[in-house]
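Student: Encoded as structure tokens, here's the structure I'll be asking about.
The values are calculated or read from the model by the stated rules, or taken from the named source; none is laboratory data. Just so it is clear, the model here is predicted, and its values are computed rather than measured. Glycine gets a Cβ as well: all are built from the backbone with ideal geometry, and neighbour counts include every protein chain shown. Accessible surface is based on the protein model in full, side chains and every heavy atom, while ligands, DNA and RNA are left aside. Shrake-Rupley method; radii C 1.70, N 1.55, O 1.52, S 1.80 Å.
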Amino acid sequence: MNDQFIPQMEPWFGEEEKLALVDYMNENGWLTEFKKTTKFEEMISEYTGAKHCIVTNNGTISLTLAALASGITAGDEVIVPNYTQIATPNSIKMFGANPVFVDVEPETLCMNIDLAKKAITSKTKAIMIVTANGRYPQSGIEQFVELCNSHELVLIEDAAQSLGSKYPDGRHQGSVGLIGSFSFSTPKVISTGQGGALITNSDEIASKLRKLKDFGRSAGGTDIHDSIGYNFKFTELQACIGIEQMKKLEWRVNRKKEILRLYKMNLMGVSQIKFFQQDLVNTTPWFIDVLADDRNRLIEYLKDHGIGSRVMYPPINKQAAYNLPGEYAVSNLVGKKGLWLPSAVQLTDENINLIADSIRKFYQHNA
Ligand SMILES: *Cc1c(COP(=O)(O)O)cnc(C)c1O
């Protein structure tokens, strides 16, 4: 048993974030969105190669704004994966649009394009793809672009888990569809406590998004409104932290990749644990996700040995919030066996060895 509990996830803030906040407060700032926010947005634009970045207060509202800016309204259908964080469908449910669930690919947990095709109706207005754990669909993102183009659908990328992950052609995830969305909630690749960001290459969409998050103001600071908007703005405090987090992103990206390599090496030959397909050249595993035999007992065993883990998202159609009929084989399997192992960037190599040893022992004793 290790002395210190190893959590499944832990945010990672350090002296840099603390000093940035103190410096900012010493300048007697207004806290509302200003220069620090602009700088943070510029850093994300530059990193992702997108022309515009607009930050919002979280990665759920960012999806809602993406849908509204794309012209999606109440009664429209949006195709979403049945395996995702529930924010994906809820973001459009919020204004009365209807999520239509399709299953995901077993290797990548990203939307299955053939099933997406079959789900298109005369009411479909968009596909919201989720780049699950930084992965991209095996069918390729271009297939989704073509499918959307041929049916006049909007492609929105929920890239909440994908900062630091690219498609094989070098484009950053989130930058291929009309709009891409990121989350900076506590467990995500970088965090500002809460926070979200939208990226787009369209000037028109960028301007719509800026108005939507700021009361529909026709220009900053005025009370002249030419469209309906709300208040989903960021704060300078979050931006101060976000800027420091962005500076450490490259290190994080490399460490996350190393962590997955170490897990795979250490768990080689453990047939009860299956890893998904992860392209470590182009993508960054946000969490270490596996399918584990006898999952619920493994969770208990690990907990007794000071190791945290977390059940992966259950199939959304079976959540009481939706309670829709249908069997989705891959989402069902993840609901039964999906497990997130400790995934914080602070994990040491020794931690990973210990976790792998515990998993081996569990299966040896329970074979
Ligand atoms: C985290 C997450 C969200 C929600 O982001 P918040 O910032 O927590 O609102 C949306 N979609 C996916 C895929 C996520 O992982």
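Residue by residue, here is whether (1) of a type outside the set (Gly, Ala, Ser); (2) loosely packed, with under 14 Cβ neighbours inside 10 Å; (3) more than 30 Å from Gly174 (Cα to Cα) holds:
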site: Asn254; (1), (2), (3): yes, yes, no
site: Ile259; (1), (2), (3): yes, no, no
site: Leu262; (1), (2), (3): yes, no, no
site: Leu267; (1), (2), (3): yes, no, yes
site: Thr283; (1), (2), (3): yes, no, no
site: Ser309; (1), (2), (3): no, no, no
site: Tyr328; (1), (2), (3): yes, no, no
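Student: Still on this structure, please answer the following. Within the bounds of segment 194-217, is there any residue that is assigned to a loop (DSSP other than H, G, I, E, B), of a type in the set (A, V, I, L, M) and surrounded by fewer than 22 Cβ atoms within 10 Å (Cβ to Cβ)?
Tutor: No, because not a single residue in segment 194-217 is assigned to a loop (DSSP other than H, G, I, E, B), of a type in the set (A, V, I, L, M) and surrounded by fewer than 22 Cβ atoms within 10 Å (Cβ to Cβ).
Student: Between a first residue in segment 37-62 that is within 16 Å of the ligand (Cβ to nearest atom) and a second residue that is of a type in the set (D, E, K, R), which pairs have beta carbons less than 7 Å apart while being 6 or more apart in sequence or on different chains?
Tutor: Taking only residues 6 or more apart or on different chains, the pairs are Cys53/Glu41; Ile54/Glu41; Ile54/Arg210; Ile54/Lys213; Val55/Glu41; Thr56/Lys213; Asn57/Lys233.
Student: Continuing with this model, one more query. Among the residues of segment 162-204, write down those that are under 19 Å from Ser139 (Cβ atoms) and within 12 Å of the ligand (Cβ to nearest atom).
Tutor: Those that are under 19 Å from Ser139 (Cβ atoms) and within 12 Å of the ligand (Cβ to nearest atom): Ser162, Gln173, Gly174, Gly180.
Student: Which residue is modelled with the lowest pLDDT, if the candidates are limited to segment 22-62 and must be open to solvent by less than 50 Å² (accessible area, probe 1.4 Å) and closer than 13 Å to Cys240 by Cβ?
Tutor: Gly29
Student: Another question about this same structure. Mind listing whichever residues of segment 85-118 are over 21 Å from Phe215 (Cα atoms), in a loop (DSSP other than H, G, I, E, B) and within 14 Å of the ligand (Cβ to nearest atom)?
Tutor: Gln85, Ile86, Thr108, Leu109, Cys110
Student: Where residues in segment 63-79 are within 16 Å of the ligand (Cβ to nearest atom) and among the small types (Gly, Ala, Ser), which of them is surrounded by the most Cβ atoms within 10 Å (Cβ to Cβ)?
Tutor: Ala66
Student: Just to be sure I understand, how many residues within segment 176-204 are out of contact with any strand residue (DSSP E or B) (no Cβ under 6 Å at 6 or more places or on another chain) and not charged (D, E, K, R)?
Tutor: 14
Student: Still on this model: Of all residues in segment 266-296, how many are within 16 Å of the ligand (Cβ to nearest atom) and touching a Phe, Trp or Tyr at 6+ places or on another chain (Cβ under 8 Å)?
Tutor: Matching residues across segment 266-296 total 4.
Student: Quick test of your reading of the structure: Asn82 fulfils all but one of (1) within 13 Å of the ligand (Cβ to nearest atom); (2) farther than 24 Å from Asp103 by Cβ. Name the failing condition by number.
Tutor: Looking at each condition in turn, Asn82 falls short on (2).
Student: Checking Glu10 against (1) in contact with a Gly (Cβ under 8 Å, 6 or more places away or on another chain); (2) touching a residue at least 60 places away in the same chain (Cβ under 8 Å); (3) not in a helix (DSSP H, G or I), only one condition comes out false. Which one?
Tutor: Failing condition for Glu10: (1).
Student: Sticking with this structure for a sec: So, of the residues in segment 125-160 that are more than 12 Å from the ligand (Cβ to nearest atom) and of a type in the set (Gly, Ala, Ser), which turns out to be surrounded by the fewest Cβ atoms within 10 Å (Cβ to Cβ)?
Tutor: Ser150
Student: Sort out which residues of segment 11-49 are of a type in the set (A, V, I, L, M) and either within 23 Å of the chain's Cα centre (by Cα) or at positive phi (or both), and write them in order of number.
Tutor: Scanning segment 11-49 gives Leu31, Met43, Ile44.
Student: Among the residues that make up segment 114-124, is at least one of them within 19 Å of Gln319 (Cα to Cα) and crowded, with 18+ Cβ neighbours inside 10 Å?
Tutor: No, because not a single residue in segment 114-124 is within 19 Å of Gln319 (Cα to Cα) and crowded, with 18+ Cβ neighbours inside 10 Å.
Student: Which pairs have Cβ atoms under 8 Å, sit 6 or more apart or on different chains, and link a residue in segment 84-95 that is closer than 17 Å to Thr131 by Cα and aliphatic (A, V, I, L, M) to one that is assigned to a helix (DSSP H, G or I) and within 7 Å of the ligand (Cβ to nearest atom)?
Tutor: Ala87/Leu63
Student: Looking at segment 40-70 only, could you name the residues that are under 15 Å from Ala206 (Cβ atoms), in a loop (DSSP other than H, G, I, E, B) and out of contact with any helix residue (DSSP H, G or I) (no Cβ under 8 Å at 6 or more places or on another chain)?
Tutor: Gly49 - this is the single residue of segment 40-70 that is under 15 Å from Ala206 (Cβ atoms), in a loop (DSSP other than H, G, I, E, B) and out of contact with any helix residue (DSSP H, G or I) (no Cβ under 8 Å at 6 or more places or on another chain).
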